[in-house]
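Where a number appears in this text, it was derived from the coordinates with a stated rule and is not lab data. Owing to the predicted nature of the structure, the values given are computational and were not obtained by experimental measurement. Please note: Cβ atoms are built from the backbone with ideal geometry, for glycine as well, and neighbour counts cover all protein chains shown.
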Amino acid sequence: MVWRLASAEGALLNMILDEGPSSVTGVETSDLAIDVVSRRHRQAIEQGELKLVRSNASAMPFEDGEFSKIFSVNVIYFWSNSDQVFQEINRVTATPGHVALCYQQQGPDKKDTFNPSQVERSLMSAGFSSTETTTAQDKWNGLYFCTIARKIAG
Ligand SMILES: C[S@@+](CC[C@H](N)C(=O)[O-])C[C@H]1O[C@@H](n2cnc3c(N)ncnc32)[C@H](O)[C@@H]1O
């Protein structure tokens, strides 16, 4: 099962749904984004492969350990209460389970800088068992990262 935060372009969601039968839940605060994704993926919703839930990532209406794979792309910048969001993500992650957070070094307002070692430390403080970050750079995104956090038994 895959759970995601935010929906706008949703290239990764397209790839997952294209892979074949899935069970994906999307979480979004914005009615507009939910509306756009609902229209774009009507068939997947009708087939029960995609569910969209309007919720803030800091307090989600899900059971503990409900999701084995979680991802977010370009959302971390908006979590002013990121420690609370990381704890909530940890709560809904299954054991074993994985979380992937993808983000650029600079947020959209170019004021804040997102540092992988800080993100990794916060994820470990939230209860994850291990973390690692992949770094890349291109002309469209500048420097960007994908931090993977794992939850394992014991
Ligand atoms: C920049 S868009 C990224 C969308 C998409 N993942 C992409 O890369 O194109 C950020 C999205 O995160 C959503 N968002 C921001 N804070 C959120 C929160 N606390 N909980 C859930 N969604 C949130 C916004 O409504 C917005 O749709």
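Local charge sum around residue 43 (other residues, Cβ-Cβ under 14 Å, Lys/Arg +1, Asp/Glu -1)?
+1
Of the peptides 65-75, 15-25, how do they stack up when ordered by the mean number of other Cβ atoms within 10 Å, highest first? Show your work: numbers first, answer last.
Numbers: 65-75: 19.3, 15-25: 13.5.
So the order, starting with the most tightly packed, is 65-75, 15-25.
Could you give the length gained by full extension between residue 43 and residue 129, i.e. 0.36 nm per residue of separation minus their alpha carbon distance, to one decimal place? Working shown, then result.
Numbers: separation 86, 0.36 × 86 = 30.96 nm, distance 3.68 nm.
This chain segment gains 27.3 nm when fully extended.
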* the chain pair-distance distribution - Cα-Cα, 10 Å bins, rounded % -> 11, 41, 37, 11, 0
* Asked: So how many Lys-Lys pairs in the chain land under 21 Å Cα to Cα, not counting same-chain pairs under 8 apart?
  -> 4
* Structure fact -> For the stretch 2-151, percent of DSSP beta bridges that are antiparallel (nearest 5) comes out at 50 percent
* Place +1 on the Cβ of every Lys and Arg and -1 on the Cβ of every Asp and Glu in the stretch 46-154, take the dipole about the Cα centre, and give the residue among 85, 102, 59 whose Cα lies farthest towards its positive end. => 102
* To do: Could I have the simple spin-label model distance between residue 22 and residue 106, label points 7 Å from Cα toward Cβ, reported in nm to one decimal?
  => 3.1 nm
* In percent, what relative contact order does the stretch 2-151 have, based on Cα pairs under 8 Å that are 6 or more apart in sequence? -> 20 percent
* Structure fact -> For residue 69 and residue 83, extending 7 Å from Cα along the Cα-Cβ vector and measuring point to point gives, in nm, a value of 3.2 nm
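For the chain, give the magnitude of the charge dipole about the Cα centre (Cβ charges: +1 Lys/Arg, -1 Asp/Glu; no others), in debye to the nearest 20. Don't skip to the answer; put the middle values down first.
On the way: 14 positive and 18 negative charges, 32 e Å.
Approximately 160 debye in magnitude.
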